[in-house]
Amino acid sequence: MDSRHVPRPPGHLLFGVAYYPEYHRSDRLHEDLDLMAAAGINVVRVGESVWSTWEPRDGELDLEWLAPVLDAARDRGIDVIVGTPTYAVPPWLQAAHPEIAAEWRTGERIPWGGRQEVDYSHPAFRHHAERVIRAILARYAQHPAVIGYQVDNEPGLQLIHNHGTFTRFVRRLKQQYGDVETLNREWGLTYWSHRLDDWDELWRPDGNTFPQYDLAWRRYQADVTTEFIAWQAGIVGEYRRPGQFVTTCLQYPRRGLDDEQLGRHLDTVAGNPYYGMQDHLEAGTRLAQPNDWTTTGVAGLFRQADRIYSSRQARYLVTETNAQAIDASHANYPPYPGQLKQAAYALISRGAAMIEYWHWHTLPYGAETYWGGVLPHSLRPGRVYAEIAELGNELAKLGTTLDGYEPDADVAVLWSNPSRFAMQFMPPLAIDGHGDGESYEHIVDAFYRGVVDAGLQARILHLPQAHDLGAEELARRFPVLVAAGLYITGDDDLSLLREYAAAGGHLVLGPRTGYADQEARARVAVAPDGLHAAAGVWYEEFSNLDDDVQVLATGGSPLVLDADDTAQRWVDGLVPDGAQALATYKHPRFGDFPTVVTHTHGDGRVTTVGTVPSPGLAAAIVRWAAPGRTSDLLTGDHGPAVTVSSGTLPDGRRAWFVFNWGWGESSLVLATDVRDTATGTTHAAGSQLALRPWGCRTLIDERAAGPEPTHDTREAVR
């Protein structure tokens, strides 16, 4: 990106909605914007969904319909993010160029009638997309209300199987491997007589059974998405004014997406964290809900926030999140009073510089008729609007307080998109007798939830970002590092993990870490390859679990466990070779193996967990591995429904966010003097801070930050 255009996060928090006045059945532009201004809304996103409004017929552009919206927003001090409309193709384009339809299997076109049905690498699509993008930018880039641009929307939904896409995939393989003999060797194509004699013999991905092929295909698909977004960002760069930013909103479970690679081409990352509301946000919830585009539980909400931060290790924008009930017509779960504010502050506490709701008004038609906006179908401001207005007023009081804010982290959790891709093709975990395509998320989330339930805060790091830091800096900044589900690894990745522990870090290994190489080949070595000596443990057999198995602490173990702490879904048959066992299974066969072992390595430690831990077991492991926690600077132990999140400000003070996830009253005793940003009240150290049901408080240290909590991983097991 041109350095002249790199924006800094706004001095004030952006608070807004996606706004579609063109969806109204009558003109109420000024009424809407007056209501927004009264609610403290200071930004809207517009224009990204209506290519057929921008260009109703081929080459006939209508650009003026948006001008009154921008002018009226400017008059009220409301900033605008303009979207490019490329994710929803107009009927005339698909009729004129049916060849641009994406194929979800070779020769099987995705039927028109939804959105994102297009092969966005197709030259005909790119020609028409570029024309409308340039027209919009030429008309509105200089408008004083426009602060940034969202290119496309939630890219990577489909894996594109079109002929041109496959042809370019083969070209990429030629560049990477050079000749078919190398490909035969690296992919193991002797198996089942799949050896190639020429590149034109490579079969299409539809019936593929080779995990090596699939991983290459998935990496390529993610690169197609990255290239498309980078292409649009480059066009925007020709028009935008200095200070205007470029982003795209990401839906992180998209199968054709690598957020870390894509994020390198944007000024700031934006995400759309949707989450289960009502009882799905109650502390300790174990309600079943798919971990797809929504999540369940407090830890699920925080994990989404930390995932967005992870894309660039920087503050980010929330371009969409729940306002009312979200999903199909049979899934009506609007938030309990207080939950909207809780979720907003949870996202802000983990680095969000903007909270934007999808969307302003609930639509009377279309696929998303029952995706509730800030206004209900009646368009009359109600309970949700009142809560949004209350939150907007509080955020206005924060002003520029959070400028330069950086979220705290007690524990780092490694993330690997290639491992996620590989486990979607060949899942290690089962569900209802079938492979669980969300195996990677379930493994990582089990450990992540342990961090949250233990009262600590996490930083999610992509593997390339961990390499950028290096072992010494990684150990200094993150005294505890979780590497669970890290299936796809190179030798350099394994070296980094060893060196991290040797430098004084506490490395926590989980199932499948280091089991395959970068081609998704199972390593022909003692597992975990490259780590078993440092970990003081190895294994040769592993098993799925049909039922949970209770886990017991061994004699002298520092782990504090209870009867509800279990192993779930998986067992590695760990064989200690110098490591100390901390827990084992209550089971006639699996009791032969320890569940958790630990071993010193250099100045640090490696702890190996041979199962997917239940919430209680994961929290017990994390509490022991990281006995010091940042939240202790604010308060001591508190009720299980209370969560504390925090971050540092440039002047050395901390901002604190305290949440009560449940129906009961809660309170905590303060260890430092703080000021409540909503009321301006100062609370002295030693006083009690009350939290009402589904309540949250935002606090600022009244004095400079104190000493950091101690994380000593060098002492012997206690």
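Which one, Thr400, Met423, Gln221, is farthest towards the positive end of the dipole of the chain when Lys and Arg carry +1 and Asp and Glu -1 on their Cβ?
My answer, from the dipole projection, is Thr400.
Given a Förster distance of 41 angstrom, what is the FRET efficiency for His143 paired with Trp112, based on the Cβ-Cβ distance and rounded to 0.05? Could the numbers behind the result be given before it?
Numbers: r = 33 Å, r/R0 = 0.80.
For R0 = 41 Å, the calculated efficiency reads 0.80.
Which of Ala102, Trp112, His122 sits closest to the plus end of the dipole of the range 76-123, meaning its Cα is farthest towards the positive end, when Lys and Arg get +1 and Asp and Glu get -1 on the C-beta?
Trp112
Put a dot 7 Å past each Cα toward the Cβ at Lys586 and Arg134; how far apart are the dots in nm?
The modelled label-to-label distance comes out at 7.1 nm.
Within straight cross-link reach of Lys341, meaning Cα distance under 23 Å, which lysines are found once same-chain residues fewer than 8 apart are removed?
Straight-line reach from Lys341, under 23 Å: Lys397.
So what are the ³J(HN,Hα) numbers for the range 76-93, from phi and the Karplus equation (6.51, -1.76, 1.60; θ = phi - 60°), rounded to whole Hz, Gly and Pro as x?
Result, rounded to whole Hz: 9, x, 9, 6, 9, 10, 9, x, 8, x, 7, 8, 10, 7, x, x, 4, 6.
Restricting to Cα pairs below 8 Å that are 6+ residues apart, what does the relative contact order work out to for the range 411-625? Please round to a whole percent. Show your work: numbers first, answer last.
Details: 508 pairs, mean separation 47.5, N = 215.
Relative contact order, the range 411-625: 22 percent.
Students often check this: by mean Cβ neighbours within 10 Å, which of 241-253, 601-613, 452-464 ranks highest, and how do the rest follow?
On the way: 241-253: 20.3, 601-613: 25.7, 452-464: 23.2.
Packing order, densest peptide first, comes out as 601-613, 452-464, 241-253.
Quick check on the exposure proxy: order Asp267, Asp58 from fewest to most C-beta atoms within 10 angstrom.
On the way: Asp267 22, Asp58 13.
Starting with the residue having the fewest Cβ neighbours, the order is Asp58, Asp267.
Tell me, what is the FRET efficiency for Gln278 and Asp27 to the nearest 0.05, using R0 = 45 angstrom and their Cβ-Cβ distance as r? Show your work: numbers first, answer last.
Values: r = 35 Å, r/R0 = 0.79.
It comes to 0.80.
For Ala67 and Glu201, compute 0.36 nm times the residue count separating them, minus their Cα-Cα distance, and round to one decimal in nm. Present the calculation step by step, with values, prior to reporting the outcome.
On the way: separation 134, 0.36 × 134 = 48.24 nm, distance 5.44 nm.
In short, 42.8 nm is gained.
To the nearest Å, what is the center-to-center distance of the range 429-451 and the range 131-189, using C-alpha atoms only?
29 Å
Please list, in order along the range 519-534, the HN-Hα scalar couplings obtained from phi with the Karplus expression 6.51 cos²θ - 1.76 cosθ + 1.60 (θ = phi - 60°), rounded to whole Hz, x for Gly and Pro.
For the range 519-534, the Karplus-derived couplings read 9, 6, 8, 4, 5, 8, 6, 5, 8, x, 4, x, 10, 5, 5, 5 Hz, x marking Gly and Pro.
So how do Arg45, Arg523 line up by other beta-carbon neighbours within 10 Å, fewest first?
Values: Arg45 30, Arg523 16.
Ranked by crowding around the Cβ, least crowded first: Arg523, Arg45.
Under 8 Å for C-alpha pairs, at least 6 residues apart: give me the relative contact order for the range 631-701, rounded to a whole percent.
Working: 159 pairs, mean separation 24.1, N = 71.
Once normalised by length, the contact order is 34 percent.
Can you work out the Karplus-derived ³J(HN,Hα) for every residue in the range 478-488? Use 6.51 cos²θ - 1.76 cosθ + 1.60 with θ = phi - 60°, whole Hz, and x for glycine or proline.
10, x, 10, 10, 9, 10, 10, x, 7, 6, 8
Contact order normalised by length for the chain, with contacts defined as Cα pairs under 8 Å and 6 or more residues apart; what percent is it? It would help to have the intermediate numbers written out before the result.
Details: 1586 pairs, mean separation 77.4, N = 718.
That works out to 11 percent.
Under unit Cβ charges (Lys, Arg +1; Asp, Glu -1), what dipole magnitude, rounded to 20 debye, does the range 210-305 have relative to its Cα centre?
Numbers: 9 positive and 11 negative charges, 12 e Å.
It comes to approximately 60 debye.
Could the peptides 618-625, 178-185, 214-221 be put in order, highest first, of the mean number of other beta-carbon atoms found within 10 Å of their residues?
Details: 618-625: 25.1, 178-185: 14.2, 214-221: 21.2.
Peptide ranking by packing, descending: 618-625, 214-221, 178-185.
Given axes a ≥ b ≥ c from the Cα gyration tensor, I'd like to know whether the range 631-701 is rounded (a/c under 1.5), prolate (a/b larger than b/c) or oblate.
Numbers: a/c = 1.60, a/b = 1.58, b/c = 1.01.
Because a/c hits 1.5 or more and a/b exceeds b/c, the range 631-701 counts as prolate.
Given charges of +1 on the Cβ of Lys and Arg and -1 on the Cβ of Asp and Glu, with all other atoms neutral, how large is the dipole of the range 411-625 about its Cα centre, in debye to the nearest 20?
On the way: 14 positive and 28 negative charges, 88 e Å.
Its charge dipole is roughly 420 debye.
Cα gyration tensor of the range 467-573, axes a ≥ b ≥ c as square roots of the eigenvalues: rounded (a/c below 1.5), prolate (a/b > b/c) or oblate?
Working: a/c = 2.18, a/b = 1.28, b/c = 1.70.
Note, shape of the range 467-573 comes out oblate.
Tell me, Ser416, Ser310, Ser329 in order of fewest to most beta-carbon neighbours within 10 Å? Each step should come with its number before you reach the end.
Values: Ser416 23, Ser310 26, Ser329 11.
Ordered from fewest to most neighbouring Cβ atoms within 10 Å, Ser416, Ser310, Ser329 come out as Ser329, Ser416, Ser310.
Relative to the Cα centre, what is the charge dipole magnitude of the chain, using +1 at the beta carbon of each Lys and Arg, -1 at the beta carbon of each Asp and Glu, and rounding to the nearest 20 debye? Can you show the working numbers first?
Details: 62 positive and 93 negative charges, 205 e Å.
The dipole magnitude comes to about 980 debye.
State whether the range 411-625 is rounded, prolate or oblate according to the following rule on the C-alpha gyration tensor (a ≥ b ≥ c being the square roots of its eigenvalues): a/c under 1.5 gives rounded; otherwise a/b larger than b/c gives prolate, and the remaining case gives oblate. Can you show the working numbers first?
Details: a/c = 1.37, a/b = 1.12, b/c = 1.22.
Rounded, because the longest to shortest axis ratio a/c is under 1.5.
Quote to one decimal, in nm, the extra length available between Tyr333 and Thr369 on full extension: 0.36 nm per residue of separation minus the C-alpha distance between them. If you can, show how the numbers build up before the last one.
On the way: separation 36, 0.36 × 36 = 12.96 nm, distance 1.44 nm.
Net length gain for the segment: 11.5 nm.
Rule-based calculations on the coordinates, nothing more; no lab input. Everything numeric in this text was worked out from a predicted model, so none of it was measured. Glycine also receives a Cβ, built like all others from the backbone with ideal geometry; neighbour counts cover every protein chain displayed.
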